[in-house]
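K.L.:
Pasting a structure below so you can have a look.
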Amino acid sequence: RNGSLIAGFGAAVAAALLALLLFPHESMPDAAFEGDDALVSDLEASVDEDFVQGMAVARFPVDDTGEVEWAFAGTSEGSTPVDADTQFETASVFKTFTAMTLADMVENGETSLDRTLGEVFPDTDFADDRIADATLEQVANHHAGLSPGAPGAPDGFVRGLVFGDAYRHALSPQEYLPQTAATAPDSYVYSNIGYAVLGEALAQESGTPYEDLVRERVLDPLGMDDTVISEGIPEGGAPPYVEPGARSEEWVNTDYAGAGITTWSTTADLTRFMTAVAEGTAPGMGALDVQRLSLIHI
């Protein structure tokens, strides 16, 4: 056991040294919040500015969406200040747009929450009938038995530890579905591949590529012009950092866009989205309806 611990520690140190060589620290000026006084005060009390590379924050009361407060700190890269239109990786925030696209299609009679993956992908030879029988509702609510993480990436752990991109070599949904077995079906298992599968399922149902579909159904109606799917950092976008001055690798596998990989947005766009949700005017508001209640043990 001690030998394993020493070996594990040595591997971690080697990974950290490799990360420093590949992504060396840059000398960064101290970040300081600027903007609306009340929001700046709250951020200074809750966020350690020493850990901020760049941050853009908006806040408004749910019952008064016109009263938006803004605050900013740090830079996106080099000396470029962060502002409301700086694009950041959204990560799993984008799952919300996938779910609302599903809800919009259900409301328009273009698919059903009861549709199974076997019905959506009739040409797929599923290795596990439980996956074929999983419904879109189960997929959207993380109850389909689809594994978490980025499956099929043998170097996923190492890449995630060192580079920050465990998805680069992950299987696409079309490659994954024929060979996977269910993990605790009809139990809550948070699944990134599940939302990649859901995005591809909606593309299949609509006959429209996922990127075009989510833009047509959610992004364009809300004027979210700077929210994009991009294999690489959009021009002027903020690169990801593990800490101030230490770059990490952006996610590049667009097969996982439905789960929030390769997706970028701005604070201004997300404020437009949250304003529409608060006012009840966003497309696919049915995604907010409770479909099932689960008890999660932590």
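K.L.:
For GLU235 and ASP212, what is the calculated FRET efficiency with R₀ set at 30 Å and r taken between the beta-carbons, to the nearest 0.05?
P.N.:
Result of the calculation: an efficiency of 0.90.
K.L.:
With the Cα gyration tensor of the range 115-257 giving a ≥ b ≥ c as the square roots of its eigenvalues, does the rule (a/c under 1.5 for rounded; else a/b larger than b/c for prolate; else oblate) give rounded, prolate or oblate?
P.N.:
The shape class here is oblate.
K.L.:
Right, next: Packing-wise, with mean Cβ within 10 Å as the measure, how do 258-267, 212-221, 33-42 rank, highest first?
P.N.:
In decreasing order of mean packing, 258-267, 212-221, 33-42 become 258-267, 212-221, 33-42.
K.L.:
Please work out whether the range 55-98 counts as rounded, prolate or oblate from its C-alpha gyration tensor, where a ≥ b ≥ c are the square roots of the eigenvalues and a/c under 1.5 means rounded, while otherwise a/b larger than b/c means prolate and anything else oblate?
P.N.:
Since a/c reaches 1.5 but b/c is at least a/b, the shape of the range 55-98 is classed as oblate.
K.L.:
How large, in percent, is the carbon and sulfur part of the accessible surface of the range 190-256 at a probe radius of 1.4 Å?
P.N.:
So the carbon and sulfur contribution to the accessible surface is 38 percent.
K.L.:
Would any residue of the range 27-68 have its amide N under 12 Å from a label point 7 Å out along Cα→Cβ of ASP83? List them or say none.
P.N.:
none
K.L.:
Hey, another quick one. Sort out for me the Cα centre separation of the range 33-105 from the range 226-259, rounded to whole Å.
P.N.:
Measuring centre to centre over Cα atoms gives 16 Å.
K.L.:
Turning to a different aspect of this structure: Assuming a ≥ b ≥ c are the square roots of the Cα gyration tensor eigenvalues, decide whether the range 52-158 counts as rounded (a/c under 1.5), prolate (otherwise, with a/b larger than b/c) or oblate.
P.N.:
Judged from the Cα gyration tensor, the range 52-158 comes out oblate (a/c at least 1.5, b/c at or above a/b).
K.L.:
Evaluate the Kirkwood expression for the hydrodynamic radius of the range 24-87, namely the inverse of the mean inverse distance over all pairs of different C-alpha atoms, and round to one decimal in Å.
P.N.:
Value: 12.5 Å, from the Cα pair sum.
K.L.:
What is the Cα coordinate range of the range 211-298 on the first, second and third principal axes, sorted by size from largest, in whole angstrom?
P.N.:
Projected onto the principal axes, the Cα atoms of the range 211-298 cover 41, 38, 26 Å.
K.L.:
Ok, one more. Please compute the length gained on full extension between PHE51 and GLU69, using 0.36 nm multiplied by the number of residues separating them and subtracting their Cα-Cα distance.
P.N.:
Contour length minus Cα-Cα distance gives 4.3 nm.
K.L.:
Separate question: Give me the percent relative contact order of the range 205-298, please, defined on Cα pairs under 8 angstrom at least 6 residues apart.
P.N.:
Relative contact order here is 29 percent.
K.L.:
Run the quick spin-label model on SER41 and LEU288: label points 7 Å from Cα toward the beta carbon, then report their separation in nm to one decimal.
P.N.:
If labels sit at SER41 and LEU288, their model points lie 3.0 nm apart.
K.L.:
How much of GLU243 can a 1.4 Å solvent probe reach, expressed as accessible area in Å² and rounded to 10?
P.N.:
Using a 1.4 Å probe on the heavy atoms, I get roughly 90 Å².
K.L.:
Then there is this: For the range 134-276, what is the accessible area per residue in Å², given a 1.4 Å probe and the full set of protein chains?
P.N.:
37
The values are calculated or read from the model by the stated rules, or taken from the named source; none is laboratory data. No experiment lies behind these values; they were computed from the predicted model shown. Ideal geometry is used to build each Cβ from the backbone, glycine not excepted, and the neighbour counts take in all protein chains shown. The protein model used for the area step is the full one, side chains on, heavy atoms only, and it has no ligands, DNA or RNA in it. Shrake-Rupley method; radii C 1.70, N 1.55, O 1.52, S 1.80 Å.
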